[in-house]
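Chemist: Would you mind keeping the following structure in view while I ask a few things?
The values are calculated or read from the model by the stated rules, or taken from the named source; none is laboratory data. Quantities reported herein were computed from a predicted structural model and do not represent experimental measurements. Don't worry about glycine lacking a Cβ; one is built from the backbone with ideal geometry, like all the others, and counts go over all protein chains shown. In case anyone asks, the SASA skips ligands and DNA or RNA and just uses the protein heavy atoms, side chains included. Shrake-Rupley method; radii C 1.70, N 1.55, O 1.52, S 1.80 Å.
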Amino acid sequence: MASLCKADLSLAAAAGLVLAASPFFVTFECCSPSVKGVLSSAQEELKDQTTFAFVPGIGWLEASFASLAGVLLGGCALFLYGLVRMCFRPMQLFRNAFAVSILAVVIGSVVDSTKALDDAVQHLGGAQASFFLRNYVEPGFVSVRDIRLKIDAASYFDEHEKARIIMPTGLPTLNQTQVDEALRGIHKLRRYWRHISEEAGPLPMFTLGHASYLHGENILLNEIIQSEFAWLHRIVQDKLESYLGEPVEIQKKANIPGFHIFYCSAVWWLPVATVHSDLQYQRQFSEALRPGEMSVLSFTLPLQLPRFGTPGLFTFTKEITATNAEGSIPRNFRRFPGFVRELHPYHVGELVVHGGALNHQIAPSQMLFPQDARITLQGHGYFDEKKQKWMLYW
């Protein structure tokens with residue numbers, strides 16, 4: 001028995017060492033080395049790029065953080081070994097119950113069973129922990145009260161500020177050949193990706209292009225993106241013209257539509273993205289809008305999505321808005337005190353359009369392997385009353 005225990009301990013120690021060394025096996029480089037990722041010249045050859053490493057069970061991290069995470073993960077392997085050993089000692093009832101509670105939290109998270117997760121958290125932390133879970137974590141790491149305030153503000157903008165709310169609509173746009181071509185172009189320009197460290201720290205969140213909500217007005221990469229993706233912009237313009245019934249044009253003097261890139265991370269399993277409305281138009285184009293009509297929109301074109309779960313967009317409204325083909329309410333919604341959160345699934349190659357001050361949030365993405373990613377073309381639009389056409393920007 002003692003020799004068996006030593007063999008188990010040796011195996012656990014070996015697994016811990018492998019996990020600790022894992023960040024050195026799978027890596028990639030990307031992104032501008034300059035301060036905050038702003039290029040002094042869009043055409044310069046970039047050197048000393050940022051290195052990211054993959055840690056099993058955690059995902060991609062900046063290399064320095066990945067090394068530390070590997071060591072911690074190795075230590076966790078030894079801890080789990082001890083935890084499992086505890087579970088098989090029937091006389092240690094307290095520790096056995098504690099271990100089962102932890103396993104219940106893990107299982108509840110994986111299977112997305114709200115009741116299992118609630119019960120496990122209440123068992124571990126009591127009523128206060130359960131309240132915190134239901135009223136802050138589950139709505140999207142924001143309080144129920146704050147979301148209700150956001151919904152009230154969206155209603156005001158819908159009625160008074162030319163920002164009519166448009167619920168998400170899916171428009172089939174790209175075939176698989178076009179999707180593959182777009183992805184090749186994105187990876188070809190990897191040195192121009194920007195790591196959004198201000199928002200995500202060491203996590204693998206990137207943009208290709210400059211988003212006005214992150215980078216302000218910055219057109220340095222417009223020429224590079226346009227030269228590689230003019231064909232893709234043209235397809236999106238044509239699809240939006242067909243949908244809107246009005247002319248659509250890229251706003252060349254603003255940040256042109258670009259890409260959001262999320263690589264595999266355990267953090268993306270949680271609803272950690274910000275609940276927000278797309279009100280960037282107020283800073284740049286508010287005076288150009290036509291009054292009293294639909295005048296602002298946002299669009300997302302998924303090019304790669306995680307193979308697990310249901311990637312998509314959460315929306316937050318006072319009442320349920322979506323129905324299926326039979327007119328009944330779909331199952332992909334959840335009620336909270338004073339509002340409803342709905343999930344609008346994404347599909348590769350399908351352009352999703354929504355508009356106005358609609359409160360929304362990127363839904364969690366279940367990624368496990370190094371090649372898993374969530375890559376989307378992003379942009380916004382406003383109707384220019386003088387030009388009598390929709391102008392697209394990011």
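Each row is one residue, and each column tells you yes or no for (1) within 25 Å of Lys188 (Cα to Cα); (2) not aliphatic (A, V, I, L, M).
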| position | (1), (2) |
| --- | --- |
| Ala211 | yes, no |
| Ile219 | yes, no |
| Glu228 | yes, yes |
| His233 | yes, yes |
| Gln237 | yes, yes |
| Ser242 | no, yes |
| Gly245 | no, yes |
| Asn255 | yes, yes |
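Chemist: Identify all residues within segment 169-211 that are closer than 26 Å to Leu358 by Cα and open to solvent by less than 30 Å² (accessible area, probe 1.4 Å); write none if there are none.
Modeler: Within segment 169-211, Leu171, Thr173, Leu174, Ile196, Ala200, Met205, Phe206, Thr207, Leu208, Gly209, His210, Ala211 qualify.
Chemist: Please go through segment 367-386 and give me each residue that is surrounded by fewer than 16 Cβ atoms within 10 Å (Cβ to Cβ) and touching a helix residue (DSSP H, G or I) at 6+ places or on another chain (Cβ under 8 Å), ordered by number.
Modeler: Glu385, Lys386
Chemist: Read through the list (1) touching a helix residue (DSSP H, G or I) at 6+ places or on another chain (Cβ under 8 Å); (2) modelled with pLDDT under 55, then give the number of the only condition that Phe299 fails.
Modeler: The one condition Phe299 does not meet is (2).
Chemist: A follow-up question, please. Test Tyr393 against the stated conditions and say whether it is more than 22 Å from Ala182 (Cβ to Cβ), touching a residue at least 24 places away in the same chain (Cβ under 8 Å) and buried (at least 21 other Cβ atoms within 10 Å of the Cβ).
Modeler: Considered against the rule, which asks whether it is more than 22 Å from Ala182 (Cβ to Cβ), touching a residue at least 24 places away in the same chain (Cβ under 8 Å) and buried (at least 21 other Cβ atoms within 10 Å of the Cβ), Tyr393 comes out as no.
Chemist: Working only within segment 249-283, note down all residues that are in contact with a helix residue (DSSP H, G or I) (Cβ under 9 Å, 6 or more places away or on another chain), closer than 29 Å to Asp152 by Cα and open to solvent by 50 Å² or more (accessible area, probe 1.4 Å).
Modeler: Trp269, Leu270, Val272, Thr274, His276, Arg283
Chemist: Among the residues of segment 337-351 satisfying the criterion of being open to solvent by 10 Å² or more (accessible area, probe 1.4 Å) and aliphatic (A, V, I, L, M), which is modelled with the highest pLDDT?
Modeler: Across segment 337-351, the extreme among qualifying residues is Val348.
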